[in-house]
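K.L.:
Structure provided below as structure tokens; questions to follow.
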Amino acid sequence: MTNIWANSILLDKLSMLREEARVKGERLAFDCLNLKCCGNRAVCSKGHNPGTASDGSLPLYSVLKGISPRVCKECKDFTG
């Protein structure tokens with residue numbers, strides 16, 4: 001996988017995708033303060049399982065793109 005942090009064009013594109021989702025009124029996993037980064041994955045510190053991986057984590061790249069699973073959109077613990 002490419003080092004996305006070294007690619008300013010990609011980072012700008014990811015930011016734009018998140019902003020487009022926000023304009024649509026979507027609740028983003030990226031904005032939740034309970035989501036924590038663990039390597040190249042993101043996990044919920046409240047114990048929810050937003051991802052389909054065996055550990056319930058999400059790919060960090062998906063979070064940076066502005067993708068948010070249903071469990072995050074409907075979560076009562078969302079802090080965004």
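K.L.:
Report the residue, chosen from 43, 63, 23, that carries the largest GNM mean-square fluctuation when the chain is represented by alpha-carbon nodes joined by springs under 10 Å.
P.N.:
In the Gaussian network model the winner is 23.
K.L.:
Still on this structure: Relative contact order of the chain, please, whole-number percent, based on alpha carbon pairs below 8 angstrom and at least 6 residues apart.
P.N.:
Values: 104 pairs, mean separation 26.0, N = 80.
Once normalised by length, the contact order is 33 percent.
K.L.:
Could you give the length gained on full extension between residue 52 and residue 7, defined as 0.36 nm per residue of separation minus the Cα-Cα distance, in nm?
P.N.:
Contour length minus the Cα-Cα distance gives 13.5 nm.
K.L.:
Per-residue counts of other Cβ atoms within 10 Å, averaged by peptide: what ranking do you get for 28-40, 45-57, highest first?
P.N.:
Working: 28-40: 16.6, 45-57: 14.3.
So the peptides 28-40, 45-57, ranked by packing, come out 28-40, 45-57.
K.L.:
With runs of 4+ DSSP H residues as the only contributors, calculate the mean residue ellipticity of the chain at 222 nm using -39,500 (n - 2.57) per run, divided by the residue total and rounded to the nearest 500.
P.N.:
-9000 deg cm²/dmol
K.L.:
Once Lys and Arg get +1 and Asp and Glu get -1 on their Cβ, which of 66, 17, 44 lies farthest toward the positive end of the dipole of the chain?
P.N.:
Farthest towards the positive pole: 44.
K.L.:
How large is the charge dipole for the chain, taken about the Cα centre, if only the Cβ atoms of Lys, Arg (+1) and Asp, Glu (-1) carry charge, to the nearest 20 debye?
P.N.:
120 debye
K.L.:
Tell me, what is a quarter of the convex hull surface for the C-alpha atoms of the chain, in nm² with one decimal?
P.N.:
Taking a quarter of the hull surface, the average projection is 5.3 nm².
Every number in this text was worked out from the coordinates using simple rules, so none of it is lab data. Being a predicted model, the structure only gives us computed values, none of them experimental. Cβ: placed from backbone, ideal geometry, glycine included. Neighbour counts: every protein chain shown.
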